[in-house]
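Remarks on the structure that follows.
The values are calculated or read from the model by the stated rules, or taken from the named source; none is laboratory data. Predicted model only: the values in this text are computed from it and were never measured. Using ideal geometry, Cβ is built from the backbone for each residue, glycine included, and neighbour counts are taken over all protein chains shown.
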């Protein structure tokens, strides 16, 4: 209880911080034959980082998901676990039945569902991407029957949504058949990355739990390289607590590639790589971050250290020179690149070249840096040979 209260307090203060940069707009929709109100949250850096692009998150049921999603997105960005996002909330309190309540007899979308679907695809997304600096990465987030509509976007012939977050989903009795008809294998042909999050919860009825579990088991049979299926099971006592837990858990997985290399990522994806493959993995990780999220990050120093051991210990340090060149191209003012090049030459008993690079690296350091003395030992060691 105390932990949940502390979380609510933290989220409350985040709400206070972002209220002033949330815009209210109205779209005159041809598909809905009506006006639809939306809210647009712009990240704190949007006004002054004018060349930066941001992933787009579209939140259905904005009455209760919008603020919650934004608070989590801010927290994740501040902790460097996800990029800042532009978040759009769609107001649905008075229209949800028409927008998302599907045909219970067949599981098919109704005319109202289809029109709302087209409103999102053809009008809302077009308006936001045309007027704001969005990256190619688009997320859809929905709860209950809205989650069911979110899943239907997987049926696009050329999928353009990257992540589908289905919170506390209400699916039809035909949901396994529907997902089978989405032809998920087509995603392997796309030069992109996709995420599907579906949560179950102990707070659901027994029938609903069995239906979602059946779908999760069914989806686990699919071997789609480009689709990351996240089947979550929450131990919660209410749908509200399930909703509040699902969002950060979904964000953790969806933006996993953005985060610094974790112990799990290292153990499962990097540990057994050769030095050259480990270097390529690091380069590709940041190229994908830039492509997907519009975030031109320099490689984090912690990620350099994460693969350092592989480069030094395997193949007798044969890739240290290339590693040093990579680091110098990214961080010319850092001594790390010179350190790796110096180590390469020292291992090859080319002590003059090693001494040269150690001296260059040491010259970049502040004498008051606590690491400076340790770095100077490289110079002493190389000069003795």
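Structure notes:
- Checked against (1) touching a strand residue (DSSP E or B) at 6+ places or on another chain (Cβ under 7 Å); (2) on the phi > 0 side of the Ramachandran plot, residue 234 passes all but a single condition, namely (2).
- Of the criteria (1) within 24 Å of residue 274 (Cβ to Cβ); (2) under 37 Å from the mean Cα position of the chain (by Cα), which one residue 364 fails: (1)
- If the condition is being buried (at least 22 other Cβ atoms within 10 Å of the Cβ) and at negative phi, then the stretch 33-61 contributes 41, 54, 55, 56, 57, 58, 59, 60.
One line per residue, one yes/no per condition, for (1) under 26 Å from residue 310 (Cβ atoms); (2) surrounded by 15 or more Cβ atoms within 10 Å (Cβ to Cβ); (3) modelled with pLDDT of 90 or more:
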{"site": "345", "(1), (2), (3)": "yes, yes, yes"}
{"site": "350", "(1), (2), (3)": "yes, yes, yes"}
{"site": "355", "(1), (2), (3)": "yes, yes, yes"}
{"site": "362", "(1), (2), (3)": "yes, yes, yes"}
{"site": "373", "(1), (2), (3)": "no, no, yes"}
{"site": "377", "(1), (2), (3)": "yes, no, yes"}
{"site": "380", "(1), (2), (3)": "no, no, yes"}
{"site": "383", "(1), (2), (3)": "no, no, yes"}
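- Residue in the stretch 188-196 that is under 19 Å from residue 233 (Cβ atoms) and either outside the structural domain of residue 249 (by TED's automatic domain parsing) or at pLDDT 95 or above (or both) present: yes
- Single residue of 345, 339 found to be in contact with a helix residue (DSSP H, G or I) (Cβ under 6 Å, 6 or more places away or on another chain) and more than 25 Å from residue 266 (Cα to Cα): 345
- Helices (runs of 4 or more DSSP H) wholly inside the stretch 229-342 that include at least 1 residues being touching a residue at least 24 places away in the same chain (Cβ under 8 Å) and more than 30 Å from residue 143 (Cα to Cα): 275-293, 301-313, 320-330
- Out of 115, 168, 162, 103, sole residue that is more than 22 Å from residue 46 (Cβ to Cβ), in the same structural domain as residue 198 (by TED's automatic domain parsing) and buried (at least 20 other Cβ atoms within 10 Å of the Cβ): 168
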